[in-house]
1. If one puts a single equal scatterer on every Cα of the chain and applies the Debye formula without solvent, what log₁₀ I(q)/I(0) results at q = 0.08, 0.10, 0.13 Å⁻¹?
2. For helix 317-326, report the angle its Cα long axis makes with the longest principal axis of the Cα atoms of the chain; keep it between 0 and 90° and round to the nearest 10°.
3. Quick one: Kirkwood hydrodynamic radius for the stretch 2-121, alpha-carbon pairs, angstrom, one decimal?
4. Which log10 I(q)/I(0) values does the stretch 366-467 give at q = 0.14 Å⁻¹ under the Debye formula, counting every alpha carbon as one identical point scatterer?
5. Just report the Cα centroid separation between the stretch 430-491 and the stretch 277-352, whole Å.
6. Ratio of Rg to Rh for the stretch 279-446, alpha carbon only, Kirkwood?
7. Please report the base-10 log of the normalised intensity I(q)/I(0) for the stretch 405-457, using a Debye sum with one equal scatterer per alpha carbon and no solvent, at each q in 0.12, 0.14, 0.15 (1/Å).
8. As an exercise, take the mean of 1/r over every pair of distinct alpha carbons in the stretch 150-264, invert it, and state the Kirkwood radius in angstroms.
Amino acid sequence: MFRKKKSNDNNEICSSLIKNIDKIKNDFDYQVNNDFSIRMLTAKYNQKEIALCYYASLVNSDKVEQSIMKPLLEQTGESLVNIVTVGSIKTMTKRTDINDSITNGQVILFIDGYPKAYAVDVAQFEHREIGQAEIEGVVRGPKEAFTESSDINLSLIRKQLRNDQLVTEIQQVGERSKQDVKMVYLKNLVNDELLGEIRTRIKQINVDSVQNLELLEQYIEDRPLSLFPTILYTERPDNASSYINSGHVVLLMDSSPACLIVPITFWTFFHNIEDRYSRFLFSNFSRLIRLIALYITLLISATYVALANYHSELIPPDLLLAIAASRDQVPFPLFLEIILMEFAFELIREAGVRTPNLLGSTISIVGALILGQAAVQASIVSPIVVIITALSGLTSFAISDTSYNFTVRISRFIFIFSAAFFGIYSLMIAFILWFMYAASIKSFGVPYFAPLAPSFQSNGDTYFRKPLKKEKKRPNYLLPKDLKKQKRRDE
């Protein structure tokens, strides 16, 4: 009982300035912790001694000197709030709150004789300048991309959505290193149950530290071991704004040059924000190419293995003779040929990603040409396998989202192995099971294949989009407060 009371007392700020400073020095290892600063001065407005405590590496030093210290030394007034006008000023009575504020880049002011402290926000975290998106290529539309500062990212979203109903709600994660997670949504549009589900998942995270969105995604996703992603990761503010306007929620954090969008469906990864910037026929043509590319990259290698090994009667005779002739000197079974070339292609792709940008593309192209040509000349693989593998690999680049690209690449190997057992029959069984598994997934309560299965009202933007003038509704699977996207002028 007595120990618990003592612990609570130690968390309270006392009126003695010396005791408060001693406690802060002990908490932050003063003089050992090189960038932690304590400045002492006597305020002109009340002739009291004041201590300023802050991390010099996290604050704007000019603001500290010109907007805090100088007014305290020179100006008179009734209270601290009337003298220090920079940023926001919060009153604190708990030491734990003070420590959190200092690590977030705020200046803490202790006044002798006052059993409380003041936190002044003058944080200045370093970050990159706003640049172009590196993962998501931009052909038409805004070139701006998110940076590692959540405040800058929020301003980019507000630039796109100038709406007084746009709300930024902050949740904290991490026990030892507390980080802010900003939930951005339209208050008069988003579903309240969805917001409650997101808040619950964030609050249930009980770990020492969640440094960025990339880690947060793995803590709040529906199925951590699932092959299919259930959260969209994007570095484009215009893309995030488009989803917010449909009733989705966007998550922002410092140290991440992107945002997370929840909930999402299978069609989210098939769509692209630039589909809306292009004319109706052009964007739908692009979607058709993406659909064909998805089929090719998933099934062409597996289909070739199934047909050549088990259903050769389905192959035209001339083509079958050409395949047999090309494989005459190859010592490996067809299945092993495909696996070797697919693995080699993935190896070249991974090497290109991990290599510096100036050399990555060169290594990928030269490596693929040399490896393919050498393998054919050495009779390790047949030319038709090189063509099949190259087509399978190249079409995977049509899928721009990194997470879903991994899903497709892993699924391709699953289908190749299944086709090696009983041909088309085992391949179709594997594909049906793969499809059933995807249909069973939900993203924050939303079915993965909505609005197609189960059927929901939507703007008709599933396979192909409608002309913008005919998009009347928002997707109903989000249960938004306002389903109508376009209203008549007399409403």
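A short reminder: the numbers here are calculations on the coordinates, not readings from a lab. Note that the structure is predicted; figures quoted are calculated from it, not measured. When we count neighbours, we look across all protein chains shown, and the Cβ atoms used for this are built from the backbone with ideal geometry, even at glycine.
1. Relative scattering, expressed as log10 I(q)/I(0), comes to -0.68, -0.92, -1.24.
2. Computed tilt is about 70 degrees.
3. On the way: mean 1/r = 0.0686 Å⁻¹.
Across the stretch 2-121, the inverse of the average 1/r is 14.6 Å.
4. The Cα Debye sum returns log10 ratios of -0.80.
5. Between the Cα centre of the stretch 430-491 and that of the stretch 277-352, the gap is 32 Å.
6. Working: Rg = 17.5 Å, Rh = 17.4 Å.
Taking Rh as the inverse mean 1/r over Cα pairs, Rg/Rh reads 1.00.
7. With one equal scatterer per Cα and no solvent, log10 I(q)/I(0) is -0.36, -0.47, -0.52.
8. Details: mean 1/r = 0.0704 Å⁻¹.
This gives a value of 14.2 Å.
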